[in-house]
Amino acid sequence: MQKLTPLLISGLLVFGVAACDNASKTSESAPNNPNEAPQSPTAQTTQASQQDAQSEVRRKQANSDIRAREQRNNTTGGDTQRAKGDLASEVRSKLEVNIPKSLLTVTAADNGTVTVSGTVNNQQELAKIEKLAKEIKGVKSVVVKATVAPPKN
């Protein structure tokens, strides 16, 4: 038994090293080593990613995710006391897909007050912020500190 224990432990260590050798990557073009610099994406890839992030499908997915999160909160009884990080995250997601190309930051307080700062491209987008934020359960009031700053050409 005393000779078997070191053999088993060394076998586990060898197996562990071999299993950890293949690093997980989020995409095929990701670097193999965390110390390597990733390659810059092409303009075509960037444009395709931006269109995907702002597509109607993405907007529906985000809204569906928010509804599912709210249903989970209702089921577990967590809808009465929302964490301010969750509230800010949900509002940020909602604004991100419904007001594309905006540069907004969202903070939340324990009392359900959400503050939105940053810039949007036009007055219509600025007017949408409060309405969209109030669609998130737990948001009691919205302070809009965002301004209109048209995109630079």
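Can you put ILE129, ILE9 in order of accessible area, largest first, using a 1.4 Å probe? Could you put the intermediate results ahead of the total?
Values: ILE129 0, ILE9 95 Å².
Listed by decreasing accessible area, they come as ILE9, ILE129.
Scan around THR105 for amide H atoms under 5 Å from its own, H built in the peptide plane at 1.01 Å from N, and keep only partners 5 or more places away or cross-chain.
Hits under the 5 Å cutoff: SER117, GLY118.
Take the residue pairs LYS60/LYS101; LYS101/LYS128; LYS101/LYS137 and return only those whose Cα atoms are more than 19 Å apart.
Working: LYS60/LYS101 17 Å; LYS101/LYS128 14 Å; LYS101/LYS137 25 Å.
Going by Cα-Cα distance, LYS101/LYS137 fall outside the 19 Å limit.
Once you put a point 7 Å from the Cα of GLU130 and another 7 Å from the Cα of GLN2, both along the Cβ direction, what distance in nm separates them?
Taking the simple label geometry, GLU130 and GLN2 are separated by 8.1 nm.
Please report the net charge: other residues with Cβ closer than 10 Å to the Cβ of ILE99, K and R +1, D and E -1.
Numbers: positive: LYS94, LYS101, LYS128; negative: GLU96, GLU125.
For residues surrounding ILE99, the net value is +1.
Multiply the residue gap between LYS140 and SER117 by 0.36 nm, knock off their C-alpha separation, and tell me the result in nm, one decimal place.
On the way: separation 23, 0.36 × 23 = 8.28 nm, distance 1.72 nm.
My answer for the length gained is 6.6 nm.
State in Å² the accessible area per residue of the stretch 113-153; use a 1.4 Å probe, count heavy atoms of protein chains only, and round to the nearest integer.
Ligands and nucleic acids excluded, the result is 60 Å² per residue.
The values are calculated or read from the model by the stated rules, or taken from the named source; none is laboratory data. Values in this document were obtained by computation on a predicted structure and should not be read as measured data. Every residue, glycine among them, receives a Cβ derived from its backbone with ideal geometry; neighbour counts consider all protein chains shown. Each accessible area value is taken on the protein alone, full model and side chains, heavy atoms only, with ligands, DNA and RNA left out. Shrake-Rupley method; radii C 1.70, N 1.55, O 1.52, S 1.80 Å.
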